[in-house]
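Colleague: What follows is a structure written as structure tokens; I'll ask about it next.
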Amino acid sequence: QVQLVESGGGLVQPGGSLRLSCVASGITFSLYAMGWYRQAPGKQRELVAGILRGGNTNYADSVKGRFTISRDNAKNTVYLQMNSLKVEDTAVYYCNADLRVTGGRSGYWGQGTQVTVSS
């Protein structure tokens, strides 16, 4: 069975930081592109950051310079370091694993972790 488990979400003040983790099992992790997506209330799901198996990364314009995606293949884990958090970053953050870059249209998904940015 394939499982992606996110953790690290929580409540943080504007300007603060959080690090999200996603641990994958049931897949050959090193072969997969990994991505972080988020969905805020009343909004569509959007790609936050992606990392290919070769290490290339891409980010949404709204988080560029503030968030960093990384992966540790030995731990089957992808991370999202979030700095300088803003209220508008509040969302449920989801982890995706896919052998192909499909913009989240396929692959495996975690159940999400809530990030709330509030004073």
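The values are calculated or read from the model by the stated rules, or taken from the named source; none is laboratory data. Just so you know, these numbers come straight off a predicted model, no measurement behind them. Heads up, the Cβs are rebuilt from the backbone with ideal geometry, glycines too, and the neighbour counts pull from every protein chain shown. Ligands, DNA and RNA are stripped out before the accessible areas are found, and what is left, the full protein with its side chains, is counted by its heavy atoms. Shrake-Rupley method; radii C 1.70, N 1.55, O 1.52, S 1.80 Å.
Colleague: If each residue of separation counts as 0.36 nm, what is the full-extension length gain between Lys64 and Ala40 once their alpha-carbon separation is subtracted? Walk me through the numbers before you get to the answer.
Modeller: Working: separation 24, 0.36 × 24 = 8.64 nm, distance 1.81 nm.
Extra length available between Lys64 and Ala40 comes to 6.8 nm.
Colleague: Using a 1.4 Å probe over the heavy atoms of the protein chains, calculate the carbon and sulfur portion of the accessible area of region 14-119 as a whole percent. Show your work: numbers first, answer last.
Modeller: Working: 2530 of 5550 Å².
Solvent-exposed carbon and sulfur of region 14-119 make up 46 percent of the total.
Colleague: Right, another one. Answer with one residue from Val78, Leu52, Phe67: the one whose Cα lies farthest towards the positive end of the charge dipole of the chain, charges on Cβ with Lys, Arg +1 and Asp, Glu -1.
Modeller: Of the listed residues, the answer is Leu52.
Colleague: Could you derive backbone 3J(HN,Hα) for region 53-65 from the dihedral phi with the Karplus parameters 6.51, -1.76 and 1.60 (θ = phi - 60°), listing whole Hz in sequence and x where the residue is Gly or Pro?
Modeller: Calculated HN-Hα couplings, in order: 5, x, x, 5, 10, 8, 9, 5, 4, 5, 10, 4, x Hz.
Colleague: Hey, what did the chain get for relative contact order, percent, Cα under 8 Å, at least 6 apart? Intermediate values should be presented prior to the final figure.
Modeller: Values: 286 pairs, mean separation 43.0, N = 119.
In percent, rounded to a whole number, it is 36.
Colleague: Something else: What is the pair-distance distribution P(r) of region 1-71, computed from all Cα-Cα distances in 10 Å bins starting at 0, with each bin given as a whole percent?
Modeller: Final binned percentages: 17, 48, 31, 5.
Colleague: Treating only the Cβ of Lys, Arg, Asp and Glu as charged (+1, +1, -1, -1), what charge dipole size does the chain show about its Cα centre? Round to the nearest 20 debye.
Modeller: The calculated dipole for the chain is roughly 140 debye.
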